[in-house]
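What follows is a short report on a single structure.
The values are calculated or read from the model by the stated rules, or taken from the named source; none is laboratory data. Remember, it's a predicted structure, so these values are computed and weren't measured experimentally. Ideal geometry is used to build each Cβ from the backbone, glycine not excepted, and the neighbour counts take in all protein chains shown. Quick note on the areas: whole protein, heavy atoms, side chains included, nothing else; ligands and nucleic acids left out. Shrake-Rupley method; radii C 1.70, N 1.55, O 1.52, S 1.80 Å.
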Amino acid sequence: MGQRHWVRTTKCQLIVTSLFVMLLGLAVTILTIITRYGAHFSVISGVSSEANPYRIFHNVAFYSGICLTMILVLAALLSTVATVRESVCLMAMGFFCFAIVFCALIQAAFWRYTNNSEVEDAMMDVYDSVYEEVRRNLSSFRRQELATIHETFLCCGKQSPFGETGGIEKETCPSEPMGTARADCLQEIQDFLKKHMDFVSVLLIITICFMVYGMILTSFLWFSICFSNNLDRKGKYIFRET
């Protein structure tokens, strides 16, 4: 009775965990869409040059998010069906999906903390490139792109050590009260990306914890189902007529 109680409790926990994994998949989907089509990221991606690695980071983040969402949903579905049907094969596949996501997120977390400034530097390099082209009057189209960046990030040029405002800022900054636009766009880009990455880090940690918990539950139920099947087979006898 004690073992059956633990098995039933574990099944309930795995079903609840699968529901939370589905919600995590939804959260990852929303975050991926924001990262891909959000105004702040889109405007930087639209004006970045081919030499700048920002577009590579942007595309990798989008496709990685889509793949992660699909595996999370698949892991939740497989775990739920395997729990209801007590299928050893489906339970093993669910464990495998949890393990794949866990390994991928550990790799992402490692890259996040060892290459923390690469995305930030790429975004600020894009702004510097556009700003310098406008300053040298190389392209009138770039002037419109710079104005779009200022309007999106609610910022105004780069901070001058003398506190002066040049002609570029007067032409491209949003025409709003002084209190609504910040003076340094590089600082604004840095602050925005830091907030976004903090949210990504929180979601990353939560997902890793659920993946570990899911692997523990699926492995326990896999052994329980196998042990139960072996006991069932041991209790069956075949009588032959003589």
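Table: residues versus (1) at pLDDT 90 or above; (2) in a helix (DSSP H, G or I); (3) under 19 Å from the mean Cα position of the chain (by Cα); (4) crowded, with 18+ Cβ neighbours inside 10 Å.
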residue: Pro174; (1), (2), (3), (4): no, no, no, no
residue: Ile189; (1), (2), (3), (4): yes, yes, no, yes
residue: Ile206; (1), (2), (3), (4): yes, yes, yes, no
residue: Met211; (1), (2), (3), (4): yes, yes, yes, yes
residue: Phe223; (1), (2), (3), (4): no, yes, no, no
residue: Phe227; (1), (2), (3), (4): no, yes, no, no
residue: Asn230; (1), (2), (3), (4): no, yes, no, no
residue: Ile238; (1), (2), (3), (4): no, no, no, no
Residue list for the range 11-43, filter: of a type outside the set (Lys, Arg), open to solvent by 40 Å² or more (accessible area, probe 1.4 Å) and more than 11 Å from the chain's Cα centre (by Cα):
Cys12, Gln13, Ile15, Val16, Leu19, Phe20, Met22, Leu23, Tyr37, Ala39, His40, Ser42
Which residues, taken from the range 80-98, are under 16 Å from Met22 (Cα atoms) and under 22 Å from the mean Cα position of the chain (by Cα)?
Gly94, Phe95, Cys97, Phe98
Given the condition surrounded by 18 or more Cβ atoms within 10 Å (Cβ to Cβ) and in contact with an Asp or Glu (Cβ under 9 Å, 6 or more places away or on another chain), answer yes or no: does some residue in the range 117-130 qualify?
yes
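Just the residues that are polar (S, T, N, Q) and modelled with pLDDT under 85, please, taken from the range 148-165. Break it down into steps so the answer makes sense when it comes.
Keep residues of the range 148-165 that are polar (S, T, N, Q), which gives 148, 152, 159-160, 165.
Once the filter is applied, which keeps residues that are polar (S, T, N, Q) and modelled with pLDDT under 85, the range 148-165 yields Gln159, Ser160, Thr165.
Which members of the range 48-80 meet the condition of being open to solvent by 70 Å² or more (accessible area, probe 1.4 Å) and more than 22 Å from Gln144 (Cα to Cα)? Quick ask: steps written out before the conclusion?
Taking the range 48-80 first, the residues open to solvent by 70 Å² or more (accessible area, probe 1.4 Å) are 50-51, 55-56, 60, 63, 67, 70, 74, 77.
Ile56, Val60, Tyr63, Cys67, Met70, Leu74, Leu77, listed by residue number.
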Consider only pairs whose beta carbons are under 6 Å apart and that are at least six residues apart or on different chains; among these, list those whose first residue lies in the range 187-200 and is within 15 Å of Ile149 (Cβ to Cβ) and whose second residue is among the aromatic types (Phe, Trp, Tyr) and part of a helix (DSSP H, G or I).
Glu188/Phe153
